[in-house]
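*Asks:* My questions all concern the structure below.
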Amino acid sequence: MRRSAAPLRENRPMTARAVPVLMYHHVGPRPGLVTVSPATFEAHMTRLARSGYRTITADELLAFMQGRATVPDRSVAITFDDGYLDNYVHAYPVLQRLGLHAIIFAVTGWIGDGQPRPYAGGWEDLPDCPDHRTCKRLIEAGEADRAMLRWSEIETMSADGTVEFHSHSHSHVRWDQLHPELAARNAALREDLERSRATLAERLGLNDRHLCWPWGHIEPEYPTLAAGLGFQAQYSVIRGTNLPFDNVPAIRRIDTKERPGRWLARQLFIYRSPRRARLYLALRR
C-alpha cells in the first residue's frame, strides 16, 4: 500500500533559524535607482502574504538576534530608508490591505509639518512622488516637504500598527567626510544622533533602540558610540541574513529590485537558511 507523503509544513522547522531583512527606499512611478514601481511592490508583498511569511517588528528581530526569543519560521522584516513621501502614497496602502508590517528609518531633520496628503487606494488626485535624484535636489534646495513624509502622515501610518518608525539620523551626512579629526567627528555624530532620538521621543513618544546608518557607512568607533546613546540594534547595507547571537551592530539586509515576485521568493528561500545564504554569498564573490 502506498504511503501518502507528509505535508511539507511538517518538514519545516517551527521557528526561524535565520531572518532576512528586506531593504526598500522608494516605491514610485519611476522605477530605477533604489526605486521599485507600485506594481512590483504589490507583487512582492502579495507573494509574501500568500507564501505564509510573517512580517516581524524591530523589537522582535532584536530579541531574536540577542537570543532572547524565537520567531516563527518564514519570518521577515521589511525596512525602508529615509522616509520618502512615496512610502505613504504607494507602499502604506498595500501593507495595510495585506495586513503586513514595515519599519521606516526616517531622517528626522527632513520631516515637516502639515496635513496628511492623499494616498493610493481611496484618492484620485495623488501627490507627485519625485524620483531619487529629484528628491535629493529638493532636499538640498530646502524643499524637503515635496519629497519627504510629514509628521501627520507618520502618525497615520503608526496609528494602526502598519508601520513603525526609527532613526536614520537627523541630517543624513557622512561625518567622516565632514570631520576628518576623530574627536570632532565623534562629537558631531553624537549630537546628530541625540537630536534624532530626542525628536522621535518628542513626536512619537519613542525611547528609540533602533538605528539605520546613513549611507551604510560605519566607522570602527560608531557602533560603540551609538550603543552608548541607547541604539541597541544598528542596521547596515551589508548583504546577508541574521541569526541568533549575531552581529546586532551591523544587521544585514537584502536590497530589493524592480523584479517580479518570484525573484523575491527565491531571495527569501535562500536567506532564511543559514547554509544556503553562506553558499550563495560565497558564489557571489
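The values are calculated or read from the model by the stated rules, or taken from the named source; none is laboratory data. No experiment lies behind these values; they were computed from the predicted model shown. Positions of Cβ are backbone-derived with ideal geometry, glycine not excepted, and every protein chain shown enters the neighbour counts. Surface areas here come from the heavy atoms of the whole protein model, side chains and all, with no ligands, DNA or RNA. Shrake-Rupley method; radii C 1.70, N 1.55, O 1.52, S 1.80 Å.
*Asks:* What FRET efficiency comes out for Ile238 versus Glu124 if R0 is 51 angstrom and r is the Cβ-Cβ distance? Round to the nearest 0.05.
*Replies:* Approximately 0.75, to the nearest 0.05.
*Asks:* Out of residues 5 or more away from His101 or on other chains, whose amide H comes under 5 Å of its own, with H placed 1.01 Å from N in the peptide plane?
*Replies:* Correct list: Thr55.
*Asks:* Considering only DSSP states other than H, G, I, E and B, which GluC sites (Glu not before Pro) in the range 113-201 qualify as loop sites with at most 16 other Cβ atoms within 10 Å?
*Replies:* Glu124, Glu143, Glu181
*Asks:* Given H placed on each backbone N at 1.01 Å, which residues far from Ser75 in sequence or on other chains put an amide H within less than 5 Å of it?
*Replies:* Arg54
*Asks:* Each residue of the range 97-111 in turn: what ³J(HN,Hα) in whole Hz from Karplus with 6.51, -1.76, 1.60 and θ = phi - 60°, glycine and Pro shown as x?
*Replies:* So the J values, rounded to whole Hz, are 5, 8, x, 9, 10, 9, 10, 10, 9, 9, 7, 5, x, 9, 8.
*Asks:* Considering only protein heavy atoms and a probe of 1.4 Å, how much of the accessible area of the chain is carbon and sulfur, as a whole percent?
*Replies:* 51
*Asks:* Treating the beta-carbon of each Lys and Arg as +1 and of each Asp and Glu as -1, no other charges, what is the dipole magnitude of the range 207-285 about its Cα centre, to the nearest 20 debye?
*Replies:* 760
*Asks:* Counting only other residues whose beta carbon sits under 15 Å from that of Val89, what net charge do I get with K and R as +1, D and E as -1?
*Replies:* Its environment carries a net charge of -4.
*Asks:* At a Förster distance of 22 Å, what's the computed FRET efficiency of Arg195 paired with Trp215, Cβ-Cβ distance as r, to 0.05?
*Replies:* Between Arg195 and Trp215 the formula returns 0.80.
*Asks:* Then there's this: Calculate the dipole size of the chain relative to its Cα centre from +1 charges on Lys and Arg beta carbons and -1 charges on Asp and Glu beta carbons; express the result in debye to the nearest 20.
*Replies:* Using Cβ point charges on Lys, Arg, Asp and Glu, the chain gives about 2140 debye.
*Asks:* At what distance in nm do the modelled label points of Ala184 and Asp59 sit from each other, each positioned 7 Å from its Cα along Cα→Cβ?
*Replies:* Computed distance between label sites Ala184 and Asp59 equals 4.1 nm.
*Asks:* Putting +1 on Lys and Arg Cβ atoms and -1 on Asp and Glu Cβ atoms, find which of Leu149, Tyr92, Trp110 reaches farthest to the positive end of the dipole of the range 44-150.
*Replies:* Of the listed residues, the answer is Tyr92.
*Asks:* Separate question: Along the range 164-179, what does the Karplus equation 6.51 cos²θ - 1.76 cosθ + 1.60 (θ = phi - 60°) give for ³J(HN,Hα), rounded to whole Hz, x for Gly and Pro?
*Replies:* Per-residue couplings from phi come out as 10, 10, 9, 7, 10, 6, 9, 10, 6, 10, 9, 5, 5, 7, 7, 9 Hz.
*Asks:* With θ taken as phi - 60° and the coefficients 6.51, -1.76 and 1.60, list the Karplus ³J(HN,Hα) couplings across the range 234-248 in order, rounded to whole Hz; mark glycine and proline as x.
*Replies:* 10, 9, 10, 10, 5, 7, x, 10, 10, 10, x, 6, 9, 7, 4
*Asks:* Take every DSSP beta bridge whose two residues both sit in the chain, then give the antiparallel share in percent to the nearest 5.
*Replies:* That works out to approximately 15 percent antiparallel.
*Asks:* Which of rounded, prolate, oblate describes the range 137-249, given a ≥ b ≥ c as roots of the alpha-carbon gyration tensor eigenvalues and a/c under 1.5 marking rounded, otherwise prolate only if a/b is larger than b/c?
*Replies:* Oblate, because a/c is 1.5 or more while a/b does not exceed b/c.
*Asks:* Excluding ligands, DNA and RNA, what is the solvent-accessible area per residue of the range 95-165 at a probe of 1.4 Å, expressed in Å²?
*Replies:* About 49 Å² of surface per residue is accessible.
*Asks:* At most 16 other Cβ atoms within 10 Å and a DSSP loop assignment: could you name the chymotrypsin sites (Phe, Trp or Tyr not before Pro) in the range 85-131 that fit?
*Replies:* Hits after loop and neighbour filter: Trp123.
*Asks:* Just going by the charge dipole of the range 6-164, with Lys and Arg at +1 and Asp and Glu at -1 on Cβ, which of Gly83, Ser51, Pro127 is farthest out on the positive end?
*Replies:* Ser51
*Asks:* Would you kindly state how much longer the chain becomes between Ala282 and Asp255 on full extension, computed as 0.36 nm times their sequence separation minus their alpha carbon distance, in nm to one decimal?
*Replies:* Additional length available on full extension: 8.0 nm.
*Asks:* Using Cα-Cα distances under 8 Å and only pairs 6 or more residues apart, what relative contact order does the range 204-285 have, in percent?
*Replies:* 22
*Asks:* Right, something else. According to a simple spin-label model (label point 7 Å from Cα along Cα-to-Cβ), what is the distance in nm between Glu140 and Glu202?
*Replies:* Placing both labels 7 Å beyond Cα along the Cβ direction yields 2.8 nm.
*Asks:* In the neighborhood of Ser167, defined by Cβ-to-Cβ distances under 15 Å, what is the net charge if each Lys or Arg adds +1 and each Asp or Glu adds -1?
*Replies:* -4
*Asks:* At 1.4 Å probe size, what's the solvent-accessible area of Arg195? Round to the nearest 10 Å².
*Replies:* 130
*Asks:* Scan around Arg209 for amide H atoms under 5 Å from its own, H built in the peptide plane at 1.01 Å from N, and keep only partners 5 or more places away or cross-chain.
*Replies:* none
*Asks:* Just how far, in whole angstrom, is the range 230-285 from the range 144-219 if you go by their alpha carbon centroids?
*Replies:* That distance is 23 Å.
*Asks:* Taking Cα Rg over 2.2 N^0.38 Å as the quantity of interest, determine which of (1) 0.91; (2) 1.02; (3) 1.07 was computed from the displayed structure.
*Replies:* Recomputing Cα Rg over 2.2 N^0.38 Å here picks out (2).
*Asks:* How long is the gain from Arg262 to Leu33 if the chain were fully straight, where each residue apart is worth 0.36 nm and the alpha carbon distance is subtracted?
*Replies:* 80.4 nm
*Asks:* What percent does the relative contact order of the chain come to when contacts are Cα pairs within less than 8 Å and at least six residues apart?
*Replies:* Once divided by the residue count of the chain, the mean separation gives 23 percent.
*Asks:* What do you get for chymotrypsin sites (Phe, Trp or Tyr not before Pro) in the range 189-285 restricted to DSSP loop and a cutoff of at most 10 other Cβ within 10 Å of the site's Cβ?
*Replies:* Phe245
*Asks:* Then there is this: Residue farthest toward the positive end of the dipole of the range 85-244, with Cβ of Lys/Arg at +1 and Asp/Glu at -1: which of Ile139, Thr224, Ala184?
*Replies:* Thr224
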